[in-house]
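Novice: Mind looking over this structure? Questions follow.
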Amino acid sequence: MVDAEPMRSPLTTPTGAAAETRLHTAGAASAPSVSDRELPDYRLRFILLILAAFFCIIASFAVGRFSLGISDAVLILLSPAIHFAMSMDVPILGDIVRILLSPLIPVAETWDDAMYSVVWNIRLPRILAALLVGAALSTAGAAYQGMFQNPLVSPDILGASAGAGFGAALAIYFYLGTGAITIFAFAGGLVAVGTAYAVSCLTRGNPTLGMVLAGILVASLFSAATSYIKLVADTNDQLPAITYWLMGSLAGATMGDVYFAGMVIIIGLVPLYLFRWRMNVLTLGEDEAKSMGINTHLLRLIVILCATLVTAVAVSISGIIGWIGLVIPHFCRMIFGYDYRRIIPAAVIMGGGFLLLVDDFARTIATTEVPLGILTAFVGAPIFAYLLMMGGKRS
Amino acid sequence: MSLEISRLSFAYGRRTRLVLDDVSFSVKEGDLLAVLGPNGVGKSTMFRCILGFLRNYRGNIRLNGLDIKTLDHKEIAKHVAYIPQSTHPIFNYTVLDVVLMGLTNQVRLLGTPDQSHIDEAYAAMENLGIAHLRNAGYGEISGGERQLALIARALVQKAKILIMDEPTANLDYGNQFRVMCRISDLARDGYIIILSTHNPDHAFLYANRTLMIYGGRVIAEGTPEDVLDAGLIKDVYGVDVHIEDYQYGSRCHKLCIPIDGGIGKHEW
């Protein structure tokens, strides 16, 4: 038996004042760095982000196999506006425009029809499609991540991509043409998510867990169906078309696609933006959100509906492009915090800009187009690994 | 403001085992009701019924005389606020944002909180002494501060009934004390507080009423001093305790001390 003297190591109190405030604030364990912290200047960050995206857009017109100067591209884009302004009959305004543009007009004569056609008929639809698809996928990803309270969720969690892939494969198998591929893919995505939602309504217990499992179930069912179509498809033309479609590309984007997808994406993104505050509360989970007076059932349905609509339409014009919807929301959170009031607009701008950048690489790094799904994974995976390591360091 | 629960029974799914079996009690302004009972006896289930999360119960829950089955979540949230256990959050909102979420009922359906809401949230945080943490991440502050932030969130909701699921769980000794002091201040200000706890001393120190639940039934109800005795605690928790009167200055209260039964110190 050892006779132990009661031992007590001296406690070092930092300073008298600090100890005093700690007593009043129940904050015994917090580091002083978290108190009275100032928030970063989010407005400045938004301005920088918008500028970067704008620069990406302008530069994208010049990038490609048919090389163009940036100034030419800008002038070609502005030319209808200039012509319109100069053709107006308002006397003074027309003169003003002519005087303002006089240094530019000689330059404006330098392009030929081929350049005009490249900018307006090939690059513009492709750039708009990249912006739309990127914005749609990353916003839908951000919305789903909040709703499922899981930052590792991507927009195809409920089977949207698998359904769209099946729809597109079906349309290719029946030789229905490009327009039908888009429509079939869109419908396939909606049907898949609808099925997943219906199945999840029949499960008992935690609604979000039921939804995730139903999504996995439906996605594997539709991928199996896609595989079967690939098996029976003509190996000369159909199989490559299906395979290439599933890898994702914006090479075939037309203005028709842009109008169709743009309309649906705006219809889907506006409610997500309007419900941005309530989505914050929804991330607390079913019970807490209800206790604050939110109709969680209805809000969840709205989020699913909108996010599915934009995901399905994005996939329908671009094919399956992974990673964007997973990585961009993480990026947004790193730069703009966790508040959906900032995340939704940030995801729209950053997602659009990022996919545009990736698409620029897709059409320039090799002699043939590199499918986007491959590139986003090559770019996305290292970035994601970096983010995970940084996240671990911060917490 | 009143809350009456009468003959409340509940079973999950179609299972015959009742999680809650004929529970009745009522609370009035200024009450701090401590609900005691071992893990899994239905305390949380009872809270979930009162908050309107579970609706297929039998019996009656009346809020100001109105059956809560007839009220939607928005309506219940005006009168009853929920303070869950402070867990580590998945999304690291700032403390101010977390408190602002309590004002969701007053924010327009498609709107966002405006400056008056922010002022209100800030005032509540100042009241609880956490105003300096407004821009700190909710995931970076201590468990005690998180619990205070959740209380601030419930206060801005302007509900008079606060339901707390083990508010001192996972808190260190000092934070347990500080959080419980704030909670008893709120009861003195006229809030109705219903909390679950596993510490009989918390009931003795802060509660004016206590409810002992065992096997889904209320087996004792009344003031902590009348209800909590060594026999009851032995029956419910299987621990031999000694209830001691403790005199400190002019105040006198009881303390619950576990005595040997494999729990005391080893004799070397």
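Novice: By how many nm would the segment from residue A:301 to residue A:231 grow when fully extended, if each residue of separation counts as 0.36 nm and the alpha-carbon distance is taken off?
Specialist: 21.6 nm
Novice: At what distance in angstrom do the alpha carbon centres of the range B:166-227 and the range B:44-76 lie from each other?
Specialist: 22
Novice: For B:156-166, what's the mean count of beta carbons from other chains sitting within 10 Å of each residue's beta carbon?
Specialist: Mean shielding count: 1.
Novice: Using a 7 Å offset from the Cα along the Cα-to-Cβ direction at both residue B:109 and residue A:198, what is the distance between the two label points in nm, to one decimal?
Specialist: In this crude label model, residue B:109 to residue A:198 measures out at 2.8 nm.
Novice: With a cut-off of 8 Å between alpha carbons and a minimum separation of six or more residues, what is the relative contact order of the range A:126-394 in percent? All intermediate terms of the calculation are to be shown ahead of the outcome.
Specialist: On the way: 431 pairs, mean separation 89.1, N = 269.
Once divided by the residue count of the range A:126-394, the mean separation gives 33 percent.
Novice: Still on this structure: Suppose every Lys and Arg Cβ carries +1 and every Asp and Glu Cβ carries -1, with no other charges. What dipole size does chain B come out with about its Cα centre, to the nearest 20 debye? The partial results should precede the final answer.
Specialist: Details: 28 positive and 31 negative charges, 215 e Å.
In total the dipole reaches around 1040 debye.
Novice: What is the percent of Cα-Cα separations in the range B:8-99 that go past 15 Å? Show your work: numbers first, answer last.
Specialist: Working: 2846 of 4186 pairs.
Value for the range B:8-99 (Cα pairs over 15 Å): 68 percent.
Novice: With Cβ to Cβ distances under 13 Å as the rule, what net charge do the other residues near residue A:253 carry (K, R +1; D, E -1)?
Specialist: 0
Novice: Which value in nm describes the separation of the simple spin-label points at residue B:16 and residue B:87, placed 7 Å from the Cα toward the beta carbon?
Specialist: Calculated label separation equals 3.3 nm.
Novice: First measure r as the distance between the Cβ atoms of residue B:245 and residue B:223, then evaluate 1/(1 + (r/R0)^6) with R0 = 22 Å and state the FRET efficiency to the nearest 0.05.
Specialist: 0.90
Novice: In vacuum, with every alpha carbon of the range B:2-227 counted as one equal point scatterer, what does the Debye formula give for log10 I(q)/I(0) at q = 0.09, 0.10, 0.12, 0.18 Å⁻¹? Two decimals, please.
Specialist: Results for the range B:2-227 at q = 0.09, 0.10, 0.12, 0.18 Å⁻¹ read -0.36, -0.45, -0.65, -1.38.
Novice: Give me the net charge for the shell around residue B:210: Cβ to Cβ below 13 angstrom, other residues only, Lys and Arg +1, Asp and Glu -1.
Specialist: Local net charge: -3.
Novice: Per residue, what volume in Å³ does the convex hull of the Cα atoms of the range A:126-394 enclose? Write down the numbers at each step before the final one.
Specialist: Working: hull volume 32.2 nm³, N = 269.
Hull volume normalised by residue count: 120 Å³.
Novice: Under the 0.36 nm per residue contour assumption, what length would be gained going from the current alpha-carbon distance of residue B:72 and residue B:198 to full extension?
Specialist: 42.2 nm
Novice: Residue B:254: which lysines have alpha carbons under 18 Å from its alpha carbon, excluding same-chain residues fewer than 8 sequence positions away?
Specialist: The qualifying lysines are B:234.
Novice: Kindly provide the Kirkwood hydrodynamic radius of the range A:314-363 in Å, to one decimal, from all pairs of distinct alpha carbon atoms. The partial results should precede the final answer.
Specialist: Values: mean 1/r = 0.0867 Å⁻¹.
Hydrodynamic radius (Kirkwood, Cα only) of the range A:314-363 equals 11.5 Å.
Novice: Another one. Tell me whether the protein assembly as shown comes out rounded, prolate or oblate; compute the Cα gyration tensor, take square roots of the eigenvalues as a ≥ b ≥ c, and use a/c under 1.5 as the rounded threshold.
Specialist: The shape class here is prolate.
Novice: Sticking with this structure for a sec: Filter B:43/B:158; A:290/B:160; B:28/B:78; A:290/B:28 down to the pairs with a C-alpha to C-alpha distance above 19 Å, please.
Specialist: Over 19 Å Cα-Cα: B:43/B:158; A:290/B:28.
Novice: Applying 1/(1 + (r/R0)^6) with R0 = 30 Å to the Cβ-Cβ distance of residue A:389 and residue A:273, what FRET efficiency is obtained, to the nearest 0.05?
Specialist: E(calc), rounded to 0.05, equals 0.40.
Values in this text are rule-based calculations from the coordinates and carry no lab data. Quick caveat: nothing in here was measured; it's all calculated off a predicted structure. Every residue, glycine among them, receives a Cβ derived from its backbone with ideal geometry; neighbour counts consider all protein chains shown.
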